[in-house]
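Everything below concerns the one structure shown next.
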Amino acid sequence: MCGRFSLDVSIDVLIERYKAIKSMEEFKLPDEIFPTNTVPIVINKDNIQLSMMKWGFMPEFTKKPIINARAETADIKPLFRNSFYNKRCLVPATSFFEWENLDGKKIKRRISVKEENIFSLAGLYNIFRDKNGQEQESFTIITTDANEDMKKIHHRMPVILPKEMEEYWLDINFRNLDTLKSMMKPYDGEIIIV
């Protein structure tokens with residue numbers, strides 16, 4: 001599960017990193033991003049752009065936001081299937097958090113990617129109607145099995161996309177299921193856990 005992350009950079013850094021068009025004003029994010037926070041994500045609507053969206057799918061049948069989608073079923077579960085094929089996004093992050101259980105005590109750990117100031121979590125987005133009938137775009141983060149380093153802390157981790165795969169992930173015309181599924185694997189690069 002991925003229940004918190006951070007993004008400690010400016011909009012200009014994000015625009016440069018993702019070669020995105022500027023589509024929003026400067027923003028100030030909290031040190032830790034929680035479910036239901038509104039944050040910048042990267043989408044492809046005729047061009048690469050940043051878009052502010054709320055974290056957590058909120059379909060009518062749920063009271064709590066659905067913040068994660070499992071890599072194993074994202075392409076087939078009714079809630080995620082349309083987004084998997086038509087609305088994939090990148091969720092920029094500088095770290096994510098997980099809690100390690102040590103002798104009955106939970107210890108918060110910050111996880112980052114070695115030699116990557118900003119990395120991309122695989123995400124899906126969609127439009128839902130809130131309780132007032134207003135349309136609201138929101139996103140969810142895809143999780144997969146933990147890699148060897150993460151297994152010490154938790155059995156799941158967010159899908160971290162290699163830079164060379166980001167373009168394919170964002171391209172909704174790219175529909176090779178085998179390749180898309182192969183992107184949603186445990187991260188094989190080096191992570192830093194503190």
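The values are calculated or read from the model by the stated rules, or taken from the named source; none is laboratory data. None of these values were measured; they are calculated from a predicted model. Glycine gets a Cβ as well: all are built from the backbone with ideal geometry, and neighbour counts include every protein chain shown.
Keeping to segment 46-86, report how many residues are in contact with a helix residue (DSSP H, G or I) (Cβ under 8 Å, 6 or more places away or on another chain), in a strand (DSSP E or B) and closer than 13 Å to residue 142 by Cβ.
3
Collect the residues in segment 159-194 that are among the basic types (Lys, Arg) and more than 24 Å from residue 49 (Cβ to Cβ), keeping them in residue-number order.
Scanning segment 159-194 gives 181, 185.
Kindly indicate the residue of segment 34-47 that is more than 14 Å from residue 12 (Cα to Cα) and of a type in the set (Val, Ile, Thr) and also surrounded by the fewest Cβ atoms within 10 Å (Cβ to Cβ) among those meeting that condition.
Among them, the one singled out is 36.
Out of everything in segment 95-111 that is among the basic types (Lys, Arg) and closer than 16 Å to residue 7 by Cα, what residue ends up being nearest to the chain's Cα centre (by Cα)?
In this case the residue turns out to be 110.
Which of the following residues is touching a Leu at 6+ places or on another chain (Cβ under 8 Å) and surrounded by 13 or more Cβ atoms within 10 Å (Cβ to Cβ): 121, 79?
Result of the check over 121, 79: 121.
Could you check segment 34-45 and list, in sequence order, the residues that are polar (S, T, N, Q) and outside any strand (DSSP E or B)?
36, 37
Are there any pairs, at least 6 apart or on different chains, whose C-beta atoms fall under 6 Å, with the first in segment 140-158 and closer than 28 Å to residue 53 by Cα and the second assigned to a helix (DSSP H, G or I), and if so, which?
Hits for this filter: 157/150.
Test residue 105 against the stated conditions and say whether it is exposed (fewer than 12 other Cβ atoms within 10 Å of the Cβ), free of Cβ contacts under 8 Å to residues at least 40 places away in the same chain and not aliphatic (A, V, I, L, M).
Yes, satisfied.
Hey, any hits in segment 17-24 for a residue that's assigned to a helix (DSSP H, G or I) and within 17 Å of residue 163 (Cα to Cα)?
Scanning segment 17-24, I find at least one residue that is assigned to a helix (DSSP H, G or I) and within 17 Å of residue 163 (Cα to Cα), so the answer is yes.
Within segment 82-94, how many residues turn out to be surrounded by 19 or more Cβ atoms within 10 Å (Cβ to Cβ) and either within 12 Å of the chain's Cα centre (by Cα) or among the β-branched types (Val, Ile, Thr) (or both)?
Of the residues in segment 82-94, 6 are surrounded by 19 or more Cβ atoms within 10 Å (Cβ to Cβ) and either within 12 Å of the chain's Cα centre (by Cα) or among the β-branched types (Val, Ile, Thr) (or both).
Looking at residue 133 and the list (1) surrounded by fewer than 12 Cβ atoms within 10 Å (Cβ to Cβ); (2) at pLDDT 95 or above; (3) farther than 15 Å from residue 5 by Cβ, which single condition is not satisfied?
(2)
Can you tell me which residues in segment 48-71 are closer than 17 Å to residue 161 by Cβ and either loosely packed, with under 13 Cβ neighbours inside 10 Å or in contact (Cβ under 8 Å) with a residue 40 or more places away in the chain (or both)?
48, 68, 69, 70, 71
If you check residue 19 against the conditions, is it in contact (Cβ under 8 Å) with a residue 24 or more places away in the chain, loosely packed, with under 12 Cβ neighbours inside 10 Å and not β-branched (Val, Ile, Thr)?
Yes, satisfied.
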